[in-house]
Amino acid sequence: MSKILIIEDELNISNLLKLHLEREGYQVAQVFDGLAAMDSFLKLMPDLVILDLMLPGKNGLDICKEIREKYDTYILMLTAKQEELDKILGLELGADDYVIKPFSIRELLSRVKVLLRRPHLNKSEKEAEEQPLSSGELELRPSQMEVRLGGRRLLLTSLEFDILYFLMRNKGIVFKREQLLEKIWGDDSYVYDRSIDRIISQLRKKIESNPASPKKIVTIWGVGYKFDENS
């Protein structure tokens with residue numbers, strides 16, 4: 001059973017998250033202020049932390065940085081501030097994903113499941129998985145969870161990274177939406193086909209010189225998507 005720590009000072013939000021996460025079978029603990037966050041983290045040693053950005057006592061950015069200094073626990077940030085996303089996903093903090101308030105419970109549960117489904121690989125599998133991938137000026141480094149375009153680091157969510165990684169590892173192969181859903185989300189019933197379209201659209205804005213006429217992630221009408229091996 002995966003353990004999740006919710007660090008959120010708004011009681012209604014925290015209790016709602018706890019209710020739905022426990023229904024999914026997770027062991028859940030709650031913290032309501034920033035000063036108590038690390039003590040609770042060290043006692044529980046969770047597999048994933050849901051961390052609010054704005055907390056009394058100590059803010060979420062500082063807590064995220066403190067966790068990242070020693071632990072590779074997955075961190076899902078909650079924020080009402082669009083302008084804070086560069087800090088949340090940046091090199092100095094490196095949260096795994098974020099959700100902007102107000103958010104859909106189904107969307108949040110989906111992102112939790114995606115993070116917790118990342119496999120634990122043996123040494124040879126890990127070495128193969130961590131080989132850098134490139135296409136022109138686009139470079140993906142799995143071991144650092146990092147994507148660069150022309151040397152500039154791109155800020156991707158974990159879902160965007162996972163889809164881009166999968167498509168780049170399978171250049172030239174066309175995948176239906178349901179195949180991508182199965183690969184990224186497994187049997188998660190909370191995610192729908194059009195979620196793929198939305199994530200692909202966001203990815204194109206970040207990696208394509210002209211997102212309206214993409215050259216890397218190409219749509220095969222009536223079928224799905226592929227990463228063009230000639231891009």
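FYI, it's all coordinate maths here, none of it is from the lab. Treat the numbers as computed from the prediction; the structure is a model and nothing was measured. Quick reminder, even Gly has a Cβ in these numbers, built from the backbone with ideal geometry, and neighbours come from all protein chains shown.
Figures for the structure shown
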quantity: Difference of contour (0.36 nm per residue) and Cα-Cα distance, residue 24 to residue 170; calculated: 49.4 nm
quantity: Theoretical gain in end-to-end length, residue 59 to residue 220 [0.36 nm per residue, Cα-Cα removed]; calculated: 53.5 nm
quantity: Whole-number percent relative contact order across the stretch 3-116, with pairs defined as alpha carbons under 8 Å at least 6 apart; calculated: 23 percent
quantity: Under-5 Å amide H pairs with residue 24, H placed in peptide plane, nonlocal only; calculated: none
quantity: Two-decimal log10 I(q)/I(0) for the stretch 3-116, as the Debye equation yields it once each C-alpha is a single scatterer, q = 0.13 Å⁻¹; calculated: -0.41
quantity: Among 49-61, 32-44, the order from most to least packed when residues are scored by Cβ within 10 Å on average; calculated: 49-61, 32-44
quantity: Cβ-placed point charges (K, R +1; D, E -1), dipole of the stretch 3-116 about Cα centre in debye, nearest 20; calculated: 300 debye
